[in-house]
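Notes follow once the structure below has been shown.
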Amino acid sequence: MTIQFYNTLTNRKEPFAPIDDSADKHVYMYNCGPTVYDFAHIGNFRAFVFADVLRRFLELTGHTVHQVMNITDVGHMTDDQLADGGGEDKMEKARKRLIEDKKAGKLPDGALGDPDDPFAIARYYENAFLEDARALGLRIADDPPLHRPRATEHVPQMQAMIRTLIDNGKAYVADDGAVYYDVSRFDGYGSLSGNTLDKLRGGAGGRVSDANQAVKRNPADFLLWKPDPSHIMKWDSAWGEGYPGWHIECSAMSLHVLSQLAGRELTTIDIHTGGEDNIFPHHECEIAQSCGCTGADRFANLWMHTRFLLVDGEKMSKSKGNFYTVRDVLEGRVTGRPVDPAVLRFELLKSHYRSNANFTAKGLEDAASAVTRLRNAMTEADAADAQAIPDATAHPVVKAFAASLADDLNISEAVAGVFEWLRSDAYDPHEARIILPAIDAVLAVSATPDTADDADVLCAQLDAARGAKDFATADALRQQLIDAGYDVQTTKDGTVARKKLA
Ligand code: AMP
Ligand code: ZN
């Protein structure tokens, strides 16, 4: 089976060939992670769920994936569509908002600590991100913290890269004291986004700011270090007390942490992902910095970008009232009743990553039916005897599932194949007992995080009562579970209670 993915760098599908060709098939992958100034929204999580599905698919096909997803907790400016940033730090924006919220007595909850402390804000939203990520089955949430580097803890690595870029003539200290990257000194600038220097010089698409033009060599030069002792978070440096630019953060964290995981110095990584808005300027600048520093031809061999999630066909925005966090959806503020996290996961993964996904209440209902169907099949399979299949991945159903995903993660075709098999005469619960776990290793919808330990305790009590032929107690326990919103089924391994879906 040939795995091929669409590469934003070359604008075509290419066979996937990891740098490491050893038997363990190591893959080094970096995903641009959340900026922790607020709760992540469902669009952010479309990008994160995509990265998780990619990882899980590569694992299904025998790769050892080293996944790193950063936590952006400084330097991400509000005008991040401009090459050199601008506006204010998103952490500062959060601080102002939270201080106002505190005055109005509506801070998110007591766990936030001091809303005047940007580190407290960053840790609070990082924890919220991890909770959401766990609920949605993202494996990165259970990796050691090393895999989720914080920008504020990698400032020395950023400064070392800036030093190298200055020494080799690719960066300069301008008259305003800030350090800029000189884009004219990097031939490949524009190779990812098509925003060549000529286009940028002409002010194409308003993607260079008017600010600081007097001190910059080229309008498109972007910030590496900003001396600013009044900034919300600041560090000493050879260029004055200040803070790093957003782009240098990801260049430094990706190469540093993935090299640590590889046990050798990497100058090229296998995969780099992000949402489509990251292509320019963020990823274009990352390439210039990383290759400008290491001299490598390529910083990442494969660049994958998810198209945006829309809500009811429109861009999410607070003013339109269609801006939803993961919590809004899970806690029932969008549909009027709580949503099982696996249903939201399925909704976010079910359409192809290179087309816009459209989040709707109807889509969520369809996702709930699909998840219920899969879970029912799993419960039925659990009750059946396993039929010996030497290797699930060799079974035609799993092979077809993997083959669809091997074609640039064609998830809709992969999932359609599974449902076709469930409906077909070929379906056999004995085989399903082996096949479904392999499929769920990628989809990850079987877990019912809502199935509280309490339910497990009640199931155990129910089985004990039934064993003791105390059917009155068993019936009462069964009713208690049903009243609490569980589907109760008797399997050969005992009673199983699953939370009913939205
Ligand atoms: P941020 O927290 O703003 O740094 O964004 C985290 C990730 O979410 C980035 O990779 C963005 O490109 C991605 N992203 C932001 N909005 C959307 C959206 N509506 N749909 C899909 N991905 C998004
Ligand atoms: Zn990034």
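The values are calculated or read from the model by the stated rules, or taken from the named source; none is laboratory data. As the structure is a prediction and not an experimental result, all values here were calculated from the model. Note that we place each Cβ from the backbone using ideal geometry, even for glycine, and neighbour counts take in every protein chain shown. For accessibility, only protein heavy atoms count, side chains too; no ligands or nucleic acids. Shrake-Rupley method; radii C 1.70, N 1.55, O 1.52, S 1.80 Å.
Below are the figures for this structure:
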item: DSSP beta bridges in the chain [antiparallel fraction, %, rounded to 5]; result: 50 percent
item: GLN479-LYS96 FRET efficiency (beta carbon distance; Förster radius 51 Å; 0.05 resolution); result: 0.50
item: Folded to 0 to 90 degrees: helix 471-483 orientation relative to the chain principal axis, Cα; result: 30 degrees
item: Surface accessible to a 1.4 Å probe, per residue, for the residues of segment 309-443, Å²; result: 43 Å²
item: 3J(HN,Hα) from dihedral phi, segment 356-371, Karplus parametrisation 6.51/-1.76/1.60, rounded to Hz, x for glycine, proline; result: 4, 8, 10, 8, 9, 4, 5, x, 5, 5, 4, 4, 5, 5, 5, 5
item: Sparsely packed trypsin sites (Lys or Arg not before Pro) within segment 83-182, loop by DSSP, other Cβ within 10 Å at most 10; result: LYS106
item: Cα gyration tensor, segment 164-267 - rounded (a/c under 1.5), prolate or oblate; result: oblate
item: Under 20 Å from LYS216, Cα to Cα: lysines that are on another chain or at least 8 residues apart; result: LYS170, LYS199, LYS226
item: Area accessible to solvent at HIS395, 1.4 Å probe radius, in Å²; result: 20 Å²
item: Between 0 and 90°, nearest 10: helix 90-103 axis offset from the chain longest Cα axis; result: 60 degrees
item: Cα shape, segment 182-243, gyration tensor, a/c 1.5 rule; result: prolate
item: For TYR486, distant residues with modelled amide H under 5 Å away; result: LYS500
item: Links that overshoot a 32 Å alpha carbon limit, given the list LYS103/LYS362; LYS320/LYS350; LYS318/LYS399; result: LYS103/LYS362; LYS318/LYS399
item: Radius of gyration, Dmax [the chain; alpha carbons; angstrom]; result: 25.0, 87
item: Radius 11 Å from Cβ of LYS234, net charge of other residues (Lys, Arg +1; Asp, Glu -1); result: -3
item: Antiparallel content of DSSP bridges confined to segment 17-306, in %, to 5; result: 40 percent
item: Proximal aspartates and glutamates relative to LYS96, as straight alpha-carbon distance under 13 Å, when same-chain residues fewer than 8 apart are discounted; result: ASP38, GLU88, ASP114, ASP116, ASP117
item: Gain in span if fully extended, ASP297 to SER369, counting 0.36 nm per residue against the direct Cα distance; result: 21.2 nm
item: Compactness of segment 455-499 as Cα Rg over 2.2 N^0.38 Å, two decimals; result: 1.00
item: Accessible-area composition of segment 48-146, carbon plus sulfur, in percent [1.4 Å probe]; result: 50 percent
item: Label-to-label distance, nm, for residues given as ALA394 and ARG264 (7 Å Cα→Cβ offset); result: 3.3 nm
item: Difference of contour (0.36 nm per residue) and Cα-Cα distance, ARG354 to GLU380; result: 5.9 nm
item: Accessible area of segment 191-284 belonging to carbon and sulfur atoms, whole % at 1.4 Å probe; result: 45 percent
item: Pairwise FRET efficiency - ASN168 versus LYS362, Cβ, R0 = 60 Å, nearest 0.05; result: 0.60
item: Crossing angle, helix 155-167 versus the chain [Cα axis fit, 0-90 degrees, rounded to tens]; result: 40 degrees
item: Average accessible surface area per residue within segment 455-499, 1.4 Å rolling probe, Å²; result: 56 Å²
item: Carbon + sulfur, % of accessible area of segment 309-443 - ligands and nucleic acids excluded, 1.4 Å; result: 51 percent
